[in-house]
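A short reminder: the numbers here are calculations on the coordinates, not readings from a lab. Because the structure is a prediction, the values reported are computed rather than measured. Heads up, the Cβs are rebuilt from the backbone with ideal geometry, glycines too, and the neighbour counts pull from every protein chain shown.
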Amino acid sequence: MSMKTIETNTLEPVNTDFEVRSLDAMCINESELKHPWWYNFKYAAMGMFFGIILIKSEVVSWFRIQEMFRLESFHMYGVIGSAVVTGIISVWLIKRFKVKTIYGEPILLPTKKFNKGQIFGGLIFGLGWAITGACPGPLFAQIGTGLTIVFVTLFSAIAGTWVYGLIRERLPH
Amino acid sequence: MNILQQPWPWYVAGPLIGLTVPALLLLGNKAFGISSSLRHICAACLPASIPFFSYDWKKEIWNLFFVAGIFGGAALAWFVFHHQPGAVDPRLVADLQHYGINSHSSFIPKEVFSWKELLTPRGAIMTIGGGFLVGFGTRYAGGCTSGHSIMGLSNLQWPSLVATICFMAGGFIMANLILPFILNL
């Protein structure tokens with residue numbers, strides 16, 4: 001009995017669930033509130049809004065992505081640039097006026113620590129983005145427009161994420 | 001109903017994308033990010049005792065509802081609003097003709113991405129290989145265009161700026177230096 005206790009104590013401290021989820025992730029969300037599962041439908045509604053905008057802005061288009069990287073069109077730069085400016089103003093307003101969520105919780109903004117993954121991973125994603133013409137959001141949107149072949153691309157992206165998780169410890173960070 | 005069928009200019013679409021950031025924060029403290037959904041799918045379907053996938057994915061299930069919404073919203077815009085893709089730049093049209101790409105009626109060139117082309121070298125590299133790089137790279141970078149370039153930059157996180165610059169660098173290298181060889185296969 002006492003042996004077992006000693007063994008447990010000498011093991012490395014086990015990561016908490018929150019710590020594991022926080023690895024290499026931007027969107028980590030811990031709320032004290034417990035809601036029924038169907039409260040999540042508001043995020044599906046938000047996703048629908050976003051999906052419509054992805055189509056109407058054509059950022060899901062392989063052709064728009066090629067135009068961007070070949071400097072043949074300003075469109076994508078305008079979309080991303082004005083989205084960022086809108087986001088910066090929104091986040092500043094939220095901080096300035098200490099805006100709370102619709103449930104009255106204070107809004108927490110994630111900070112991002114630098115690691116080499118942002119360079120190596122960023123370059124790898126950039127290479128893939130110019131091939132597929134789609135970042136992860138547009139993959140879901142392209143499938144929505146009936147392009148069933150993109151299921152293969154999405155499945156490959158999930159496989160890529162899985163392989164990253166598998167070899168994560170051996171990669172420079 | 002032209003507004004529903006035609007592409008929207010950047011100065012309309014961009015700010016609406018930007019508003020997704022405060023909307024998700026106000027709805028429940030959610031930081032905008034999409035590539036994490038791929039990780040949650042791994043954690044839900046095949047965690048395989050890998051530490052990186054050993055967490056309670058159900059706590060992030062909002063993210064899966066969000067991407068399901070993207071799928072639905074895109075279907076609505078395409079099949080109900082009948083979105084008509086905008087014209088492609090003539091320089092790109094001319095260049096793509098050299099690679100046998102002449103269709104511009106959907107969002108991806110069907111001469112490259114289709115079930116028929118999947119077993120050709122070009123189709124396989126671009127569909128399977130491209131997807132793999134997207135999934136591996138976004139997670140390695142800790143986010144994609146939404147998590148870093150929109151959410152991270154909105155919150156003035158300089159690592160997100162580093163990531164965004166690298167996304168663009170990788171894209172420029174691929175589109176201008178490597179893709180011409182792949183398209184020739």
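Points worth noting:
- Computed over region B:131-174, the ratio Rg/Rh where both radii use C-alpha atoms and Rh is Kirkwood: 0.97
- Volume per residue for region B:1-149 equals 165 cubic angstrom (convex hull of Cα atoms).
- By the count of other C-beta atoms within 10 Å, a proxy for reagent exposure, A:168, B:139 are ordered fewest to most as A:168, B:139.
- Approximating the spin labels as points 7 Å out from Cα along Cα→Cβ, the residue B:80-to-residue B:44 distance works out to 2.3 nm.
- Rounded tilt (10° steps) of A:75-96 against the dominant C-alpha axis of chain A: 50
- Taken over the alpha carbons of region B:55-137 as equal point scatterers, the Debye sum produces base-10 log I(q)/I(0) values at 0.16, 0.20 Å⁻¹ of -0.91, -1.11.
- Contour excess over end-to-end distance, with Cα ends at residue B:12 and residue B:115 and 0.36 nm allotted per residue: 33.6 nm
- Angle of helix A:117-132 to the longest C-alpha principal axis of chain A, folded into 0 to 90 degrees and rounded to 10: 40°.
- In terms of surrounding Cβ atoms within a 10 Å radius of their Cβ, A:46, B:126, B:168 rank from fewest to most as B:168, A:46, B:126.
- Centre-to-centre separation between the Cα atoms of region B:59-79 and those of region A:60-124: 19 Å.
- Largest-first principal axis extents, alpha carbons of chain A, Å: 70, 42, 32
- Cα gyration tensor shape of region B:21-92, rounded if a/c is under 1.5, else prolate or oblate by comparing a/b with b/c: prolate
- Working note: 222 nm ellipticity from helices only, DSSP H runs with n ≥ 4, each -39,500 (n - 2.57), summed and divided by the residues of chain B, gives -15000 deg cm²/dmol to the nearest 500.
- Ranking of B:45, B:166, B:144 by count of other Cβ atoms within 10 Å, fewest first: B:45, B:166, B:144
- Approximate spin-label separation residue A:33-residue B:177, in nm, with each point projected 7 Å along Cα-to-Cβ: 4.8
- Summarising the label geometry, the points placed 7 Å from Cα in the beta-carbon direction at residue B:3 and residue B:61 lie 3.7 nm from one another.
- Using only the C-alpha atoms, the convex hull of the protein assembly as shown corresponds to 148 Å³ per residue.
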